[in-house]
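A quick write-up on the structure given underneath.
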Amino acid sequence: MINENGLRVDGRKPNELRLIKMEVGVLSNADGSAYIEQGKNKILAAVYGPREVHPRHLALPDRALLRCRYHMAPFSVEERKSPAPSRREIELSKVIKEALEPAIFLEKFPRTSIDIFIEVLQADGGTRCAGTTVAALALADAGVPMRDLVVACAAGKVDGVIVLDLNDIEDKEGEADVPVAYMPNLGLISLLQMDGSLTIEEFNQSLNLAMDGCKQIYKFQKEALKARYVTIKEEVEECLR
Amino acid sequence: MFFFENRQVVTPGDLLAEGDYVAGNNTYKDESRIYASRLGLVEYGEKVVQVVALNTFYIPSVGDQVIGKIEDVNINGWVVNINSPYKAALRASEALNKPFRQQKDDLTRFLDVGDLIFAKIISFDRTIDPVLTIKEPGLGKITQGQIVKVSPAKIPRIIGRKASMINMLKKETECKITVGQNGIILISGPSPEHERLAIMAIEKIAQEAHTSGLTDRITEMIRKEKGEKK
């Protein structure tokens, strides 16, 4: 999995991220939306709300209800995936929801719901992290007040080497995987999982590497949000000429 | 201490200022630090630090005038959609000038599903949905004109400083323009041509809300359009 030059299956260095492309405001029917390409991952996120809760009895009297649906398209993986939500997708929906929850001022909008839809169009490992990152962008685009953006990235161990941002093969063949969701300005971690086995030292190394990765992705996130404003400004300047 | 320049783009979580400042719109305070809570442009005042958001939704506030659509008729009032996360209630007693008798009066005769109203919010807090009234002068059912929807974040720009923008629009397009704080605007003019011009101008303002010298540019645009028609 790691060649003699110390490079990984896709030619990356151990501490190198995959190529990342993000865009905000891609869907006109949603209140907020975003799209991310991270390596071969292609993920769309849409946010609706705050809006009235349906069914009514789920409404909370003191804060907004945050709902999240992580879903993989049938064509997102090599073998057709049944479109019905699987055990894994239901779990990831919950995990992503809980990673985003502390960043949102839910208590400002009692009796409403904020709905997040994450659609994985093409999957290549690390979709829970990319999904969290893109959902945070969609929330910011929708104008939902947030304490901070949330950005997620994984690190892990492949062939005895601690590596950043694992792809599908590395995730399956490697020894361990540590996804981390992080609020960069507040310095808080809102998701931390581990799959596989690591020594305490290796775990600390992975955690630090993943947080470093988060900080790098955070820069792309900010750029994507600012690009939204810049395009408006450029169009105007174009007209003025 | 400020960490950005005035009118720079900020994203949620950005540390805007530290020290003895007041957290304005779209910001929050943690001890002495002020952070942005929405995407927008930061504005540093003498005391207040605020963010002018790029996109928001409408949260009702007592005293706001809004344009709403009747969604349902109950036995003693109406349910009104005011383009906000909360549905508003309009009681029969806040709409009729005579005492309301449940057995005799048929509420659909006054307002039916799909009708538009210009109303004022008389009460709202975290625990109850907003309540409207249409009993004051200028309020009531909308009978003519066209509707434009913009993001509620753009409403202050459409009105302009000391209503400069809206007064210019009214003068130049010869239309009556009623602005709802919830991002819905009613335009009624002498002809559909005039109304079309006003709608175009408003959409342009919403699109270019964050640029300077907008009032002049819009005036120029309207005059040019009018010139072409003649």
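The values are calculated or read from the model by the stated rules, or taken from the named source; none is laboratory data. The model shown is predicted, which means the values in this text are computed figures rather than measured ones. No Cβ is skipped: glycine too gets one built from the backbone with ideal geometry, and neighbour counts run over all protein chains shown. Ligands, DNA and RNA are excluded from the accessible area calculation, which covers all protein heavy atoms including side chains. Shrake-Rupley method; radii C 1.70, N 1.55, O 1.52, S 1.80 Å.
Assess whether A:T112 counts as being among the β-branched types (V, I, T), farther than 20 Å from A:G25 by Cα and open to solvent by less than 10 Å² (accessible area, probe 1.4 Å).
So A:T112 passes the test.
Among residues belonging to the range B:24-62 that are out of contact with any Gly (no Cβ under 7 Å at 6 or more places or on another chain), closer than 29 Å to B:K120 by Cα and more than 12 Å from every other protein chain (Cβ to nearest Cβ), point out the one that is least open to solvent (accessible area, probe 1.4 Å).
Looking at the filtered set, the residue picked out is B:G24.
Looking at the range B:213-221, is at least one residue open to solvent by 20 Å² or more (accessible area, probe 1.4 Å) and either within 29 Å of B:S61 (Cβ to Cβ) or in contact (Cβ under 8 Å) with a residue 60 or more places away in the chain (or both)?
yes
Does at least one position in the range A:217-226 carry a residue that is more than 27 Å from B:R38 (Cβ to Cβ), crowded, with 17+ Cβ neighbours inside 10 Å and not aliphatic (A, V, I, L, M)?
So far as the range A:217-226 goes, no, none of its residues is more than 27 Å from B:R38 (Cβ to Cβ), crowded, with 17+ Cβ neighbours inside 10 Å and not aliphatic (A, V, I, L, M).
Scan the range A:30-58 for residues that are surrounded by fewer than 15 Cβ atoms within 10 Å (Cβ to Cβ) and either at pLDDT below 95 or over 21 Å from the mean Cα position of the chain (by Cα) (or both) and jot them down.
A:H54, A:P55, A:R56, A:H57, A:L58
Quick one: in the range A:185-210, which of the residues that are in a helix (DSSP H, G or I) and open to solvent by 40 Å² or more (accessible area, probe 1.4 Å) is farthest from A:V163 (Cα to Cα)?
Ranking the qualifying residues of the range A:185-210, first place goes to A:I200.
Taking the range B:92-127 on its own, how many of its residues are basic (K, R) and exposed (fewer than 10 other Cβ atoms within 10 Å of the Cβ)?
Looking only at that region, the number is 4.
Tell me which of these B:E71 doesn't satisfy, since it passes every other one: (1) within 13 Å of another protein chain (Cβ to nearest Cβ); (2) open to solvent by less than 20 Å² (accessible area, probe 1.4 Å); (3) farther than 24 Å from B:R157 by Cα.
Every condition holds for B:E71 apart from (2).
Given the condition closer than 29 Å to B:K204 by Cβ and either among the basic types (K, R) or touching a residue at least 60 places away in the same chain (Cβ under 8 Å) (or both), answer yes or no: does some residue in the range B:128-140 qualify?
yes
Going residue by residue through the range A:176-184, is there one that turns out to be within 13 Å of chain B (Cβ to nearest Cβ), assigned to a loop (DSSP other than H, G, I, E, B) and without any contact (Cβ under 8 Å) to a residue 60 or more places away in the chain?
Checking the range A:176-184: at least one residue is within 13 Å of chain B (Cβ to nearest Cβ), assigned to a loop (DSSP other than H, G, I, E, B) and without any contact (Cβ under 8 Å) to a residue 60 or more places away in the chain.
Counting residues that are within 14 Å of chain B (Cβ to nearest Cβ), which strands (runs of 3 or more DSSP E) fully inside the range A:97-169 reach at least 2?
Counting at least 2 such residues, we get A:112-122.
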